[in-house]
1. How many residues, within segment 118-156, are of a type in the set (Val, Ile, Thr), more than 16 Å from the ligand (Cβ to nearest atom) and out of contact with any Lys or Arg (no Cβ under 9 Å at 6 or more places or on another chain)?
2. Within segment 83-104, identify whether any single residue is over 30 Å from ASN182 (Cα atoms), touching a Leu at 6+ places or on another chain (Cβ under 9 Å) and touching a residue at least 24 places away in the same chain (Cβ under 8 Å), and answer yes or no.
3. Based on what the data block shows, is ASN70 surrounded by fewer than 13 Cβ atoms within 10 Å (Cβ to Cβ) and within 18 Å of LEU109 (Cα to Cα)?
4. Do the conditions hold for LYS110, that is, is it among the basic types (Lys, Arg) and away from the ligand (no atom under 16 Å from the Cβ)?
5. Taking GLN76 and the conditions (1) touching a residue at least 60 places away in the same chain (Cβ under 8 Å); (2) under 17 Å from the mean Cα position of the chain (by Cα), which numbered condition does it fall short on, given that it satisfies the others?
6. Could you please find all residues in segment 157-195 being closer than 20 Å to CYS116 by Cα, near the ligand (Cβ under 9 Å from one of its atoms) and touching a residue at least 24 places away in the same chain (Cβ under 8 Å)?
7. Which pairs turn up if I take residues in segment 134-156 that are at positive phi and look for partners that are in a strand (DSSP E or B) with beta carbon separation below 8 Å, at least 6 apart in sequence or on another chain?
Amino acid sequence: MNLKEAKQITGGLSSPSKMPGYAYNLPTWACVVGTKLRDVKDSTCSGCYAHERGRYRFKNVKDALNRRLNSLTHPQWVEAMTVLVAHYSLKVPFFRWHDSGDLQGADHLKKIFEVCNGTKQVQHWMPTREAKLLTLMDPAVVPKNLIIRMSSHMIDQAPVKFWPHTSTVVRAGKTCPAQETNNQCGSCRQCWNKEVNNVAYPLH
Ligand code: SF4
């Protein structure tokens, strides 16, 4: 499969300016837990940067996100994503899943595992708020080159205990240094580092 076909099938990757490498996103209106959290005061989704804000309000951006969402059931999605991730991670082998959006279910997660297994040269990081999916799963089945961080649902909530890798949003005590480096990761790779149990992002 060539790159053009892979992009047509999946809707392509994203390239957030903060990240060192490429990423992938889905529409926030499809977030299962996030859609419930958005209306909850002091939840980590209540000020979601990717929901009807900034460039995410534009029709072309919305259309692209919808195309990606609809492509998840394409029979060649895994193959196409594997082609894209392998190609676009050649220079910087650190890939982020879901710079917006979240897991759509167990089948979706299984497909992401297959993409990770097909791109073992790349380190993958995926945050999620889909606690139910993770509680049903043994962390040992996660591919070695993927770190799933379970995001706490509320601002200033402690990291969850049921999953080994987590992230939180805090008013004080952040461990993500991006604010000091022009809102870019720079040389930091904490989010991909399995020795870092929790990453605390500042509330903004
Ligand atoms: S902790 Fe490091 S890798 Fe993670 S988002 Fe912040 S700067 Fe980037």
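Computed from the coordinates by the stated procedures, all read-outs in this text should not be read as laboratory data. Here the structure is a predicted model, which means the values were calculated and not measured. Heads up, the Cβs are rebuilt from the backbone with ideal geometry, glycines too, and the neighbour counts pull from every protein chain shown.
1. The initial filter retains those residues of segment 118-156 that are of a type in the set (Val, Ile, Thr), namely 119, 122, 128, 135, 141-142, 147-148, 155.
Right, trim to more than 16 Å from the ligand (Cβ to nearest atom) and you get 119, 135, 141-142, 155.
Now narrow it down to the ones that are out of contact with any Lys or Arg (no Cβ under 9 Å at 6 or more places or on another chain): 119, 135, 141-142.
Residues meeting the conditions: 4.
2. Kept after step one, since they are over 30 Å from ASN182 (Cα atoms), are these residues of segment 83-104: 83, 104.
Next, only the ones that are touching a Leu at 6+ places or on another chain (Cβ under 9 Å) stay: 83, 104.
Retained after the next criterion (residues that are touching a residue at least 24 places away in the same chain (Cβ under 8 Å)): 83, 104.
Yes, there is a match, as at least one residue in segment 83-104 is over 30 Å from ASN182 (Cα atoms), touching a Leu at 6+ places or on another chain (Cβ under 9 Å) and touching a residue at least 24 places away in the same chain (Cβ under 8 Å).
3. Working: surrounded by fewer than 13 Cβ atoms within 10 Å (Cβ to Cβ): yes; within 18 Å of LEU109 (Cα to Cα): yes.
Considered against the rule, which asks whether it is surrounded by fewer than 13 Cβ atoms within 10 Å (Cβ to Cβ) and within 18 Å of LEU109 (Cα to Cα), ASN70 comes out as yes.
4. Numbers: among the basic types (Lys, Arg): yes; away from the ligand (no atom under 16 Å from the Cβ): yes.
Yes: the conditions hold for LYS110.
5. Just one mismatch for GLN76, condition (2).
6. Looking only at segment 157-195, we keep the residues that are closer than 20 Å to CYS116 by Cα, and these are 163-166, 189-195.
Pick out the ones that are also near the ligand (Cβ under 9 Å from one of its atoms) and you get 189-193.
Scanning segment 157-195 gives ARG189, CYS191, TRP192, ASN193.
7. ASP156/THR168; ASP156/VAL169; ASP156/VAL170
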